[in-house]
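Data first, discussion second: the structure below is written as structure tokens.
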Amino acid sequence: MPARIALDRVFTLFPAVLRSSCGLAGAVVAFAVRTPPVDTTLLIAVVSLLTAWSLLFAVWIVRWENRAAAMAVDVALTTGACLLIGRLVAPEVLPGQMSWVAVLSSTTAIVAQFVLPTAASVPAGLLVAAAYSLGAHLAGDDTEAIGHAATLVVQTLCAAGLAFVARRGSRFADAAFAGYQRAVRAALTARAGRAAERQQNRDLHDTVLSTLTVVGLGGVGGQTPLLRTRAAADLRTLAALAGTRTATDAPPARAGWAGEGATVALDEWLRAMLGRLPELRATMALEPCGVPAAVAEAVVHSAAEALSNVLRHAPGATASVRLTGRDGTVLVEVADDGPGFDPAAVPRHRYGLRESVHGRMATVGGRAEVESAPGRGTRVRLEWSDVR
């Protein structure tokens, strides 16, 4: 509850500072005028007690628990001083609500509203007002008794209203913040779920569905070593999706091209991928370069999807794969001289380009561009930059 914690901090420091500063100021001005019937001995005792208590009150409020007990002692001491006002304040100082006891009573009434709950703070303020009224009456000044008592009532109610609004506002702020956190968690959970679903769709589309499509279109003959190899790879993918990953051959590593730590040889990954597609007529021009493994995986899978599209939709076409790496940027181009297509006409439910190419490159901070038109072949550009 960040708002409530911050408000509690304010409602702790403000009363401590106000009470201690007013207590010290009262100790200074209390002895300014000591004409009879002021009892100097009593005045010294009362002022000394209240000054010491002001400092103790500040420490108690800030460091110790049970602040209600501290406020109860403060109200009791202030009430006692109000009842003795005739022996603590000179008659010429009493009128005008400006005596040190008047300031003390106002301070206590206001501080109580921030330390105590409303059900206890308002009665505390009204008790101080009644004690001041009675003390001023006993001192022979009914005008002061009525005037400052009314002022104390107004101060009590206004401070109580301010404290109530602040507390209520902190509760609303905390409720809104908690709702925001729940919404963020729900959004992150939903996003993670969608990402996992897209990854699963990509894996299925790039393996099992791709193999079945190629077989159905006659691109791979039945009972051939190539079909068995592809089926075994697809089985490994299905096992991984089921949470029972099988061992696969790791591509060779190469250090130091795309940032800190070991990188993998993207050219060798692409060459190995092309070697698993002997039924495809393809040329390659691959410059040696290394990238992080996650980037290599995304690029190779995207390039494999582009080449699988050639097998599925242009089985007689010739393809080319070109890899270049300059100044931290990797560019892979997959082109074919097939019949081409209109990328804008691809239905939204098709995963090939949308997820297996564009979506997969986006997961590693890369991008993909597809250029094609009917009768003009197809060119797929896969680009990733080391922006660190």
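The values are calculated or read from the model by the stated rules, or taken from the named source; none is laboratory data. It should be emphasised that the depicted structure is a prediction, and the values quoted were computed from it without experimental measurement. Here the Cβ positions follow ideal geometry from the backbone for every residue, glycine too, while neighbour counts run over all protein chains shown.
Name the residue, out of Ala314, Ala373, that is more than 26 Å from Val291 (Cβ to Cβ) and at pLDDT below 85. Matching residue, one of Ala314, Ala373: Ala314.
Among the conditions (1) within 27 Å of Pro91 (Cβ to Cβ); (2) in contact with a Pro (Cβ under 9 Å, 6 or more places away or on another chain), Asp174 misses just one, which is (1).
The residues in the stretch 1-40 that are surrounded by 15 or more Cβ atoms within 10 Å (Cβ to Cβ), β-branched (Val, Ile, Thr) and part of a helix (DSSP H, G or I) can be counted, and the count is 1. Answer with yes or no whether Ala129 is in contact (Cβ under 8 Å) with a residue 12 or more places away in the chain and out of contact with any Leu (no Cβ under 7 Å at 6 or more places or on another chain). No: the conditions fail for Ala129. Looking at the stretch 281-313 only, could you name the residues that are in a loop (DSSP other than H, G, I, E, B) and either touching a Leu at 6+ places or on another chain (Cβ under 6 Å) or among the charged types (D, E, K, R) (or both)? Once the filter is applied, which keeps residues that are in a loop (DSSP other than H, G, I, E, B) and either touching a Leu at 6+ places or on another chain (Cβ under 6 Å) or among the charged types (D, E, K, R) (or both), the stretch 281-313 yields Glu287, Cys289.
Criterion first (modelled with pLDDT of 85 or more and crowded, with 20+ Cβ neighbours inside 10 Å) does Val332 satisfy it? Outline the logic, then answer.
Details: modelled with pLDDT of 85 or more: yes; crowded, with 20+ Cβ neighbours inside 10 Å: yes.
So Val332 fits the description; yes.
Of all residues in the stretch 81-102, at least one satisfies being of a type outside the set (A, V, I, L, M), in a loop (DSSP other than H, G, I, E, B), within 54 Å of the chain's Cα centre (by Cα) and surrounded by fewer than 23 Cβ atoms within 10 Å (Cβ to Cβ).
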